[in-house]
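The values are calculated or read from the model by the stated rules, or taken from the named source; none is laboratory data. The structure displayed is predicted, hence computed values, not measured ones. Positions of Cβ are generated from backbone atoms using ideal geometry, with glycine treated the same way; all protein chains shown enter the neighbour counts.
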Amino acid sequence: MAPDEWDSMKREKSGQRTLVAYLCRFRPEPEGGFTVTCPKLPPIVTYGETLEKAHANAREAIELCLEVMRGDGQSIPPPDRGLASPIDQLVPVAAG
């Protein structure tokens, strides 16, 4: 994605921001829950007791990280995709 495309995605449109997505890795922990990291935003490391809570914590951590980066004048990494792109996700099912 070209930088000017990313800038246009950041701008508010009709009072709402365009939503974009950053790829996150959800690692199951032996004691339960999930640790989440975001390769394009290395400061992001969070945890949730459930996949849903880990996802919510990741969203909050990304939003805060981007806010701090903008405030510090740092360049923002382009997102991995817009939310209109297909999303691959594993769906666990019983084997037997």
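List of remarks:
- Identity of the residue in region 27-48, in contact (Cβ under 8 Å) with a residue 24 or more places away in the chain and touching a Lys or Arg at 6+ places or on another chain (Cβ under 8 Å), that ends up nearest to L66 (Cα to Cα): C38
- Scan of region 12-28 for residues that are modelled with pLDDT under 90 and part of a strand (DSSP E or B), ordered by number: E12, K13, Q16, R17, V20, A21
- Positions within region 72-96 being over 13 Å from the mean Cα position of the chain (by Cα), modelled with pLDDT under 85 and surrounded by 10 or more Cβ atoms within 10 Å (Cβ to Cβ), in sequence order: S85
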